[in-house]
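Undergrad: Before anything else, here's the structure in question.
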Amino acid sequence: MVSRNEVDSRREEDPRENIAYIRQMLGELRQVALGEGADMLCYLIEMAYVEAGDVQAGRRPRSVFHRQ
């Protein structure tokens, strides 16, 4: 589990680094889901992983509400 201090320190970092961190964690979660045979969960995590990659590459905005 992630500590509160770690979460707070992540918020202060560069948004691109935060997206990269999220993407890395999603990749790890995807591997766990694959190992468990959780196909639907794996698919949803994969979609989030792809989305994070698109945001990271600048192909999509970080928010559909705030075109940043």
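The values are calculated or read from the model by the stated rules, or taken from the named source; none is laboratory data. Since this is a predicted model, take the numbers as computed values, not measurements. Because the Cβ atoms are built from the backbone with ideal geometry, glycine has one as well, and the counts that use them run over all protein chains shown.
Undergrad: Tell me which residues, restricted to the range 23-68, are of a type in the set (S, T, N, Q) and modelled with pLDDT under 95.
TA: Within the range 23-68, Gln56, Ser63, Gln68 meet the criteria.
Undergrad: Among the numbered criteria (1) at pLDDT 80 or above; (2) exposed (fewer than 14 other Cβ atoms within 10 Å of the Cβ); (3) within 15 Å of the chain's Cα centre (by Cα), which single criterion is violated by Arg11?
TA: Condition not satisfied by Arg11: (1).
Undergrad: Restricting to the range 32-68, what's the tally of residues that are of a type outside the set (A, V, I, L, M, F, W, C), assigned to a helix (DSSP H, G or I) and within 15 Å of Ala20 (Cα to Cα)?
TA: Counting residues in the range 32-68 that are of a type outside the set (A, V, I, L, M, F, W, C), assigned to a helix (DSSP H, G or I) and within 15 Å of Ala20 (Cα to Cα) gives 6.
Undergrad: Further question: Report, ordered by the first and then the second residue, all pairs with beta carbons closer than 7 Å, sequence separation of six or more or different chains, a first member in the range 1-28 that is part of a helix (DSSP H, G or I), and a second member that is of a type outside the set (A, V, I, L, M, F, W, C) and modelled with pLDDT under 60.
TA: From residues that are part of a helix (DSSP H, G or I), the pairs are Asn18/Arg10; Tyr21/Arg10.
Undergrad: How do the pairs read when you match residues in the range 52-66 that are free of Cβ contacts under 8 Å to residues at least 12 places away in the same chain with residues anywhere that are surrounded by 14 or more Cβ atoms within 10 Å (Cβ to Cβ) and not charged (D, E, K, R), using Cβ under 8 Å and keeping only pairs 6 or more apart or on different chains?
TA: Pro61/Val55
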